[in-house]
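In what follows, a structure is listed as structure tokens, so that the remarks can point back to it.
The values are calculated or read from the model by the stated rules, or taken from the named source; none is laboratory data. Treat the numbers as computed from the prediction; the structure is a model and nothing was measured. A quick note on method: Cβ atoms are made from the backbone with ideal geometry, for glycine too, and the neighbour counts reach across all protein chains shown.
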Amino acid sequence: MRRKLAAGNWKMNGTGADLAEVTAMQAGLPKGAEAPEVLICPPATLIQRMAAMAAPIAVGGQDCHSAESGAHTGDLSAAMLLDAGASHVILGHSERRTDHGEQDEDVRAKARAALAQGLTVVICVGETQAQRESANTLGIIGGQLAGSIPDLVTGDRLVVAYEPVWAIGTGLVPTTDQIGEVHGFIRQRLERRFGAGVGRSVRLLYGGSVKPGNAAEIFAVADVDGALVGGASLKAKDFLPIIQALADAGAREQGQ
């Protein structure tokens with residue numbers, strides 16, 4: 001059974017004072033066999049400090065460069081993230097694709113670099129509102145999967161996050177049928193490309209306006225193994241109920 005994963009993307013939010021929220025999260029984490037893995041990806045300025053105090057919460061980066069080192073002002077390599085205490089890295093988030101012009105091939109190169117350093121990669125895919133309305137969602141997702149994921153991956157080192165661009169930070173959420181359709185499609189494509197063993201072991205996250213009020217409904221959808229949470233991961237009072245809803249979903253699956 002795939003262990004559930006609650007991942008928080010703090011984006012460009014957080015200073016040292018916000019580490020108190022992580023302490024509050026630690027105190028409220030679910031216990032037991034059904035407890036999900038919890039990951040927080042803070043801004044780079046907090047990675048080392050958070051990694052030193054956040055256990056059992058894992059810490060990750062929000063991006064990395066594809067090169068090991070060099071004249072890349074403002075960028076961080078995968079080795080630097082690892083050295084700072086990160087175990088994961090988010091790659092291909094729609095905000096990186098939009099704000100920085102990242103293409104699938106850029107994401108794939110970064111993923112290769114991160115995997116070479118031993119990091120687990122969280123690769124994001126998702127369609128825009130216009131693509132959804134033109135009934136091209138699965139075509140877009142299929143292309144992003146094919147172009148962004150390297151050939152040599154293992155199920156324990158790859159996480160795929162489906163984040164419809166039109167749902168990120170907007171309060172809009174796809175229907176459970178729409179989420180299920182995309183997650184089922186992603187699972188099918190992964191199994192076809194990498195074989196059943198790897199394809200079935202990759203965890204699939206849903207992201208886009210996940211909140212305590214809708215988390216349980218989303219986590220009841222087949223092939224949703226967790227969430228990539230934005231704003232609601234900044235505060236323990238918002239993130240902990242989402243983590244608990246994921247633990248409850250895991251407990252129901254174990255009881256089946």
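Can you go through Ile141, Ile123 and tell me which one is part of a helix (DSSP H, G or I), of a type in the set (Val, Ile, Thr) and under 18 Å from the mean Cα position of the chain (by Cα)?
Just one listed residue meets the conditions, Ile141.
Assess whether Phe239 counts as being under 30 Å from Ala17 (Cα atoms), in contact (Cβ under 8 Å) with a residue 24 or more places away in the chain and crowded, with 18+ Cβ neighbours inside 10 Å.
yes
Just to check your reading of the model, which residue among Arg96, Arg49 is over 15 Å from Ala116 (Cα atoms), in contact with an Asp or Glu (Cβ under 7 Å, 6 or more places away or on another chain), among the charged types (D, E, K, R) and at pLDDT 95 or above?
Values: Arg49 fails: in contact with an Asp or Glu (Cβ under 7 Å, 6 or more places away or on another chain).
One residue alone meets the criteria, Arg96.
Somewhere in region 208-225, is a residue at pLDDT 95 or above, hydroxyl-bearing (Ser, Thr, Tyr) and either within 17 Å of the chain's Cα centre (by Cα) or closer than 23 Å to Pro30 by Cβ (or both)?
No, there is no match, as no residue in region 208-225 is at pLDDT 95 or above, hydroxyl-bearing (Ser, Thr, Tyr) and either within 17 Å of the chain's Cα centre (by Cα) or closer than 23 Å to Pro30 by Cβ (or both).
Between Asp177, Asp156, which is acidic (Asp, Glu) and within 24 Å of Ser66 (Cβ to Cβ)?
Result of the check over Asp177, Asp156: Asp156.
Among the residues of region 182-200, which ones are surrounded by 17 or more Cβ atoms within 10 Å (Cβ to Cβ) and either touching a His at 6+ places or on another chain (Cβ under 7 Å) or not β-branched (Val, Ile, Thr) (or both)?
If the condition is that a residue be surrounded by 17 or more Cβ atoms within 10 Å (Cβ to Cβ) and either touching a His at 6+ places or on another chain (Cβ under 7 Å) or not β-branched (Val, Ile, Thr) (or both), then His183, Phe185, Arg187, Arg189, Leu190, Phe194, Gly199 are the ones that fit.
Give region 171-180 a look and list any residue that's surrounded by fewer than 15 Cβ atoms within 10 Å (Cβ to Cβ) and either modelled with pLDDT under 95 or within 19 Å of the chain's Cα centre (by Cα) (or both), or say none.
Matches in region 171-180: Gly171, Leu172, Thr175.
Any residue that is assigned to a helix (DSSP H, G or I), closer than 24 Å to Gly230 by Cβ and out of contact with any Asp or Glu (no Cβ under 6 Å at 6 or more places or on another chain) - is there at least one of those in region 147-162?
no
Against the conditions (1) under 25 Å from Cys124 (Cβ atoms); (2) more than 19 Å from the chain's Cα centre (by Cα); (3) in contact (Cβ under 8 Å) with a residue 60 or more places away in the chain, where does Asp75 fall short? Just the number, please.
Asp75 satisfies every listed condition except (3).
Quick one: count up the residues across region 5-21 that are touching a residue at least 60 places away in the same chain (Cβ under 8 Å) and either under 19 Å from the mean Cα position of the chain (by Cα) or surrounded by 18 or more Cβ atoms within 10 Å (Cβ to Cβ) (or both).
Taking region 5-21 first, the residues touching a residue at least 60 places away in the same chain (Cβ under 8 Å) are 5-11, 13-14, 18, 21.
Right, trim to either under 19 Å from the mean Cα position of the chain (by Cα) or surrounded by 18 or more Cβ atoms within 10 Å (Cβ to Cβ) (or both) and you get 5-11, 13-14, 21.
Number of matching residues: 10.
Please find, among Arg157, Arg108, the residue that is surrounded by fewer than 24 Cβ atoms within 10 Å (Cβ to Cβ), closer than 25 Å to Lys4 by Cβ and of a type in the set (Lys, Arg).
Arg157
In region 168-188, what count of residues is obtained for those that are assigned to a helix (DSSP H, G or I) and more than 17 Å from Val122 (Cβ to Cβ)?
9
Identify all residues within region 118-145 that are touching a residue at least 24 places away in the same chain (Cβ under 8 Å) and loosely packed, with under 13 Cβ neighbours inside 10 Å; write none if there are none.
The answer is Gly118, and nothing else.
In contact with a strand residue (DSSP E or B) (Cβ under 8 Å, 6 or more places away or on another chain), under 21 Å from Gln62 (Cβ atoms) and of a type in the set (Val, Ile, Thr) - does that describe any residue in region 155-164?
Checked region 155-164: at least one residue is in contact with a strand residue (DSSP E or B) (Cβ under 8 Å, 6 or more places away or on another chain), under 21 Å from Gln62 (Cβ atoms) and of a type in the set (Val, Ile, Thr).
Kindly establish whether Glu95 is surrounded by fewer than 22 Cβ atoms within 10 Å (Cβ to Cβ) and touching a residue at least 60 places away in the same chain (Cβ under 8 Å).
Answer is yes for this residue.
In region 172-191, what residues are closer than 13 Å to Arg203 by Cα and among the hydrophobic types (A, V, I, L, M, F, W, C)?
Ile186, Leu190
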